[in-house]
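Derivation of every value follows stated rules applied to the coordinates shown; laboratory data play no part. The structure displayed is predicted, hence computed values, not measured ones. Positions of Cβ are generated from backbone atoms using ideal geometry, with glycine treated the same way; all protein chains shown enter the neighbour counts.
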Amino acid sequence: VLGNKSRGEVLSSQKTLSYWAGLADVPFQDPTIKNFPDIDGNPETKVSRISFSGKRDVSLYRLEGSGHVVPSKFMNFGEILGGNAKEISAAEEIFSFYKSLTLTSSMSE
């Protein structure tokens, strides 16, 4: 299992972002970078969003110093999972993304 591709190939975050930008036909240049303010008092955790705009938007949330958790302002994950960056709430960011979308076709078609 280790050392081969039997469980799939893992791409870096940059290659993953480039892949999705390509699928969305978004130029992979001139990103907008938003650094979220530190609200948890932990200087080791940092959150930023790297976005590319075109016909569609493609974004990558980069969490530095956070573990393998879904980021939350409200939950406190233990250090066994690597800690939590409380600068964003994944639920709020996901909701905001879907709220920004509009339906382009009629349900009756």
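Assorted remarks:
- Between 0 and 90°, nearest 10: helix 13-23 axis offset from the chain longest Cα axis: 10 degrees
- Between the helical axis of 90-99 and the longest alpha-carbon principal axis of the chain there is an angle of about 10 degrees.
- Dipole orientation for the chain: of the candidates 78, 20, 35, 20 has the Cα lying most toward the positive pole (charges on Cβ; Lys, Arg +1; Asp, Glu -1).
- Using Cβ point charges alone (K and R +1, D and E -1), the dipole size of region 13-99 about the Cα centre works out to roughly 280 debye.
- For Kirkwood radius over Cα pairs in Å, computed directly from the structure shown, the correct entry in (i) 14.8; (ii) 13.5; (iii) 16.3 is (iii).
- Relative contact order (percent, whole number), region 13-99, Cα cutoff 8 Å, 6+ residue spacing: 24 percent
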